[in-house]
1. If you check every pair at least six apart or on different chains, which have Cβ atoms under 6 Å apart with a residue in the range 154-179 that is assigned by TED's automatic domain parsing to the domain that holds P129 first and a residue that is open to solvent by 20 Å² or more (accessible area, probe 1.4 Å) and of a type in the set (D, E) second?
2. In this structure, is V210 open to solvent by 40 Å² or more (accessible area, probe 1.4 Å), free of Cβ contacts under 8 Å to residues at least 60 places away in the same chain, in the same structural domain as V86 (by TED's automatic domain parsing) and of a type in the set (V, I, T)?
3. Let me spell it out: the conditions are (1) away from the ligand (no atom under 16 Å from the Cβ); (2) in contact (Cβ under 8 Å) with a residue 24 or more places away in the chain; (3) closer than 18 Å to R76 by Cα, and V225 meets all of them except one. Which number is the exception?
4. Select from the range 56-95 the residues that are among the small types (G, A, S) and under 17 Å from G230 (Cβ atoms) and list them in ascending order.
5. Considering only residues that are closer than 22 Å to Y190 by Cβ and modelled with pLDDT under 95, look in the range 329-352 and name the one that is surrounded by the fewest Cβ atoms within 10 Å (Cβ to Cβ).
6. Can you tell which of L109, L124, L79 is under 20 Å from the mean Cα position of the chain (by Cα), among the aliphatic types (A, V, I, L, M), within 19 Å of E188 (Cα to Cα) and outside the structural domain of I338 (by TED's automatic domain parsing)?
7. For G123, work out the one condition from (1) more than 16 Å from the ligand (Cβ to nearest atom); (2) touching a Leu at 6+ places or on another chain (Cβ under 6 Å); (3) not in a helix (DSSP H, G or I) it doesn't fulfil.
Amino acid sequence: MSLPSPAAWSPVVVTLVPYVPGEQPKIDRLVKLNTNENPYPPSPRAVQAIREAAAQGLELYPDPDATALRRAIAARHGLALGETFVGNGSDEVLAHAFFAFFQHGAPLLFADVTYSFYQVYCGLYGIEPRLVPLDDRMQLDVDAFAAAGPCAGIVVANPNAPTGIGLPLAAIERLLQVHPDRVVLVDEAYVDFGGESAIPLIDRYPNLLVVQTLSKSRSLAGLRVGFACGQRPLVDALERVKNSFNSYPLDRLAQAGALAAMEDEAHFDQTRRAVMDTREGLALQLEDMGFDVLPSQANFVFVRHPRHDAAALAAALRGRGVLVRHFAGPRIAQYLRISIGTPAQCEQLVRALADAVRTEGSA
Ligand SMILES: *Cc1c(COP(=O)(O)O)cnc(C)c1O
């Protein structure tokens, strides 16, 4: 295999630092708590709708506007159709939003500890990031954002990743008021696990864009569907970018499955409640083992042990068949991010962790 010659690369490609997704192991029987997937299967109605869509019409292009799906999203959130936008996973929606709103020759503000894809999109689109440090309790520092001066916009994950900590709506409102002519993007990938959505603020704030995903709370990480909500001019900008890139980001199966999933409120409620209940139990067990557990409103917990090195613990867990996520970055290198599994998976985690803590050397 010959590698592409760097001389053929566009210069910007040489400078890219791509996102590194969590491991998707090829081995079965691992307890997979490393990429914040939902441990429960998606709505059976979604699976049925995908089957029906597969049996019919795949020779034809899908609806480029995903109208039926967007109607369902709009209805659920009390918005107009034109206030919704969908994409191939919320990562794609985020990418289009970065391109559409944050290229203003000024820095884009986001927290020093947050979803690492924001930095990656800055690299892709030549946006200068300005990292605003979380405070010493790992909470978003709204005052520091307000004091940061001119900017191209603000991105916050709420609840934040990988901390799991949520911001109250009053804090989001303050951010919206600092730079009324700049977009505040609120990434609500985890909001259904106990956070407070900013969607009700859309009416009053033309600079608010809320992004959500069906990957986590609707158990559809494999289908790749995300969406954005905001006033029409923001959605129009996203449509312009999308239709300059790929007119058909959601295939027929994705549109059908996502629509059915949005309509199955009972399944959604039951599974997200199960995840939240399990989270509370797991947090107590981890605290009993001596871990500091950040207060989580997400489908994961972010924990550290005062006497055990996080990288060593992650490796020890892997050796015992349990995958968790360890990030080597500044401030968080001693934390583990553990996705909430089924109660049985969490029991396996606790057993493996107890064993690892007992047998690994202290840091
Ligand atoms: C998982 C995640 C996303 C991306 O989700 P998609 O699967 O691309 O929809 C976006 N933001 C945050 C903070 C996430 O954790």
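The values are calculated or read from the model by the stated rules, or taken from the named source; none is laboratory data. Everything numeric here is computed off the predicted structure, so don't read it as measured data. All Cβ positions, glycine included, derive from the backbone under ideal geometry; neighbour counts span all protein chains shown. Only protein heavy atoms, including side chains, enter the accessible area calculation; ligands, DNA and RNA are left aside. Shrake-Rupley method; radii C 1.70, N 1.55, O 1.52, S 1.80 Å.
1. Matching pairs, first to second residue: L169/E196.
2. Numbers: open to solvent by 40 Å² or more (accessible area, probe 1.4 Å): no; free of Cβ contacts under 8 Å to residues at least 60 places away in the same chain: yes; in the same structural domain as V86 (by TED's automatic domain parsing): yes; of a type in the set (V, I, T): yes.
In short, no.
3. V225 satisfies all of (1) away from the ligand (no atom under 16 Å from the Cβ); (2) in contact (Cβ under 8 Å) with a residue 24 or more places away in the chain; (3) closer than 18 Å to R76 by Cα except (1).
4. From the range 56-95, those among the small types (G, A, S) are 57, 66, 68, 72, 74-75, 78, 80, 82, 87, 89-90, 95; that's our starting set.
Matches in the range 56-95: A66, A74, A75, G78, A80, G82, G87, S90, A95.
5. Once the filter is applied, the top-ranked residue is G329.
6. Details: L124 fails: within 19 Å of E188 (Cα to Cα); L79 fails: under 20 Å from the mean Cα position of the chain (by Cα).
Of the residues listed, the single one that is under 20 Å from the mean Cα position of the chain (by Cα), among the aliphatic types (A, V, I, L, M), within 19 Å of E188 (Cα to Cα) and outside the structural domain of I338 (by TED's automatic domain parsing) is L109.
7. G123 satisfies every listed condition except (3).
For every residue, the table says whether it meets (1) within 18 Å of V93 (Cα to Cα); (2) within 15 Å of the ligand (Cβ to nearest atom); (3) not aliphatic (A, V, I, L, M).
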| position | (1), (2), (3) |
| --- | --- |
| G153 | yes, no, yes |
| P162 | no, yes, yes |
| H179 | no, no, yes |
| P233 | yes, no, yes |
| A237 | yes, no, no |
| V241 | yes, no, no |
| S244 | yes, no, yes |
| Y248 | yes, no, yes |
| A258 | yes, yes, no |
